[in-house]
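J.: Handing you this structure, nothing more for now.
The values are calculated or read from the model by the stated rules, or taken from the named source; none is laboratory data. Quick caveat, the model's predicted, so the values are computed rather than measured. When we count neighbours, we look across all protein chains shown, and the Cβ atoms used for this are built from the backbone with ideal geometry, even at glycine. Heads up: the accessible areas ignore ligands, DNA and RNA and are worked out on the full protein's heavy atoms, side chains in. Shrake-Rupley method; radii C 1.70, N 1.55, O 1.52, S 1.80 Å.
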Amino acid sequence: MRLTRVLHRQAGFERAVVEDARLEEDGDGEVLVISARPRKGAARRCGRCQVRAPWYDRGWGRRRWRHLDFGTLRVVIETAVPRVDCPTHGPTVIAVPWARHNTRFTAAFEDTAAWLAARTSASAVTGLLRIAWRSVVAIVGRVVDAALAGVDRLTGLKRIGIDEVAYRKGQRYLTLVVDHDTGRLVWAADVRDKATVHRFFDELGVDRAAQLTHVSADAAGWIDDVVTERAPRALRCLDPYHLVAWVTDALDEVRRDLWNRLRGGKGGRTHASATLKDARWAVWKNPENLTDKQKATLASIQATNRPLYRAYLLKEQFREVIAVKGEPGRLLLQGWLHWASRSKLTPFVKLSRTIRRHLPAIHNMLDSGLSNARIEANNMHLRVLTRQAYGYRSATALITMANLRRGGLCPPLPGRS
């Protein structure tokens with residue numbers, strides 16, 4: 001009787017009748033086997049669509065579902081599973097209220113496994129639940145599919161960010177779309193190319209594409225060309241993260257060129273070249289993050305190497321442009337372009353031309369304040385996720401896990417609100 005009351009407090013079992021409970025031995029120790037059946041109102045329903053249907057046959061006997069452990073004791077739920085003749089799906093195994101269709105685990109077990117997979121490492125999940133990692137991946141797929149059933153995550157999109165992330169060696173990339181207003185991942189697909197972005201807009205549809213107001217991305221043509229064609233009303237915003245990366249690359253190109261000239265030929269090494277090589281982090285890092293040694297190195301560069309220090313100041317001035325934004329940011333950017341184009345530093349002269357080509361998208365970014373910071377956060381989480389799982393053999397498995405973690409599809413722990 002107490003076991004019945006405990007089970008009835010768990011999701012799915014409020015519509016079940018507990019008939020019996022017994023202990024059995026197997027190769028891994030004792031197992032608590034609970035015999036149950038659906039209540040009359042939940043009986044004889046199609047396992048796929050939950051529609052009541054006429055009886056068909058006895059099926060394949062009794063089946064078992066792995067349930068959450070009672071302490072260290074493994075628990076399984078057992079019941080007879082006849083088939084019904086569903087008008088839509090034909091002969092189908094009946095639905096049981098404690099489990100999803102076509103699975104060996106109860107819904108409470110699967111929700112717990114998915115919750116753990118979203119928050120901890122693969123080894124921790126498999127060790128705690130005593131199942132294989134491939135079972136966890138399959139469980140996550142079912143949980144995500146159930147969460148997506150009848151839900152359209154592309155509805156109501158106004159401001160989106162598009163980016164790519166590498167997930168395997170050999171130029172293997174995912175294309176990601178994030179909603180700026182919710183911070184959630186709303187779409188992901190394997191491969192980064194125009195066809196992939198076109199596929200996203202095909203799913204979005206013409207009417208919803210017309211409702212987009214802003215699209216942030218880097219300067220990749222495979223994104224910008226498609227956005228221009230499929231969402232012409234949306235303001236295209238160039239991501240400040242990539243802009244700062246361009247400026248940092250130009251700064252490092254100046255440093256490397258000076259270092260090579262000071263080495264005194266191939267394989268040469270002088271005190272001045274060694275100082276420049278060690279100065280990489282001093283000129284890269286933000287001023288507030290410099291160590292005392294790096295501050296001293298930067299002071300030395302200011303006194304002895306005016307071209308490199310000028311490049312460093314250009315980098316810092318551009319960071320200020322991004323930080324200020326709005327009309328003041330536009331004015332600062334105008335001054336920065338004038339300074340960079342006349343700096344006599346070849347990498348910055350070239351960069352100023354590149355930035356002028358993308359000026360409308362940069363102005364849109366400064367006016368709106370949009371950046372791909374949310375997407376970069378997603379990218380970081382996906383890299384951590386890949387390391388935790390020791391890599392993924394397929395993009396589908398990674399996309400499923402990404403939807404669970406970053407798409408707002410992770411279920412709550414059973415018994416918690």
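J.: Expressed as a rounded percentage, what relative contact order does segment 328-417 have, with Cα pairs under 8 Å and six or more residues apart?
T.: 15 percent
J.: Could you compute the net charge surrounding Gln171? Neighbours are other residues with a C-beta less than 14 Å from the C-beta of Gln171; K and R count +1, D and E count -1.
T.: Around Gln171, the surrounding residues sum to +1.
J.: Highest mean first, what order results for 36-44, 396-404, 358-366 on Cβ atoms within 10 Å?
T.: 396-404, 358-366, 36-44
J.: Another question, then. List the residues whose amide H sits under 5 Å from the amide H of Leu68, counting only those 5 or more places along or on another chain, with H placed 1.01 Å from N in the peptide plane.
T.: The answer is Phe109.
J.: Considering only protein heavy atoms, what per residue accessible area in square angstrom results for the chain with a 1.4 angstrom probe?
T.: 52 Å²
J.: Taking the Cα centre of each part, how many Å lie between segment 156-177 and segment 330-390?
T.: The distance from the Cα centre of segment 156-177 to that of segment 330-390 comes to 17 Å.
J.: I need the peptides 50-58, 96-104 ranked by packing, meaning the mean over residues of other C-beta atoms within 10 angstrom, with the highest value on top.
T.: Highest-to-lowest ranking by the protection proxy: 96-104, 50-58.
J.: To the nearest µm²/s, what D does Stokes-Einstein give for the chain at 37 °C and 0.692 mPa s, using the Kirkwood radius over alpha carbon pairs as Rh?
T.: It comes out at roughly 127 µm²/s.
J.: Could I ask something else about it? Which cross-chain or sequence-distant (5 or more) residues have an amide H under 5 Å from the amide H of Cys237, H modelled 1.01 Å from N in plane?
T.: Result for Cys237 returns Val215, Ser216, Ala217.
J.: Can you give the angle from 0 to 90° between the axis of helix 359-368 and the longest principal axis of the chain, with both taken from C-alpha atoms, to the nearest 10?
T.: 60 degrees
J.: Spelling out what I want: for every residue of segment 321-334, take phi, set θ = phi - 60°, compute 6.51 cos²θ - 1.76 cosθ + 1.60 (Karplus), and round to whole Hz; glycine and proline get x.
T.: Running phi through 6.51 cos²θ - 1.76 cosθ + 1.60 with θ = phi - 60° gives 4, 5, 6, 6, 6, x, 5, x, x, 4, 5, 5, 5, 4 Hz.
J.: Enumerate the amide H contacts of Val186 below 5 Å, restricted to partners 5 or more residues apart or on another chain; note that Pro and chain-start residues carry no placed amide H.
T.: Result for Val186 returns Val177, Val178, Asp179.
J.: If I take every Cα pair under 8 Å that is 6 or more residues apart in the chain, average their sequence separation and divide by the length, what percent do I get for the relative contact order?
T.: 15 percent
J.: Given the options Ala80, Pro54, Ala36, identify the residue whose Cα lies farthest towards the positive end of the charge dipole of segment 28-98 (+1 on Cβ of Lys, Arg; -1 on Cβ of Asp, Glu).
T.: Pro54
J.: Work out how far the C-alpha atoms of segment 1-159 reach from end to end along every principal axis, then list the three figures in whole Å, largest first.
T.: Taking max minus min along each principal axis of the Cα atoms, segment 1-159 gives 56, 43, 27 Å.
J.: Charges only on Cβ, +1 for Lys and Arg, -1 for Asp and Glu: so what's the dipole of the chain about the Cα centre, in debye to the nearest 20?
T.: Charge dipole, the chain, about its Cα centre: 580 debye, nearest 20.
J.: From the phi of every residue in segment 92-109, what ³J(HN,Hα) in whole Hz does the Karplus formula 6.51 cos²θ - 1.76 cosθ + 1.60 yield, where θ is phi - 60° and glycine or proline is x?
T.: Calculated HN-Hα couplings, in order: 9, 4, 5, 6, 10, x, 9, 8, 6, 6, 6, 8, 9, 10, 6, 5, 5, 5 Hz.
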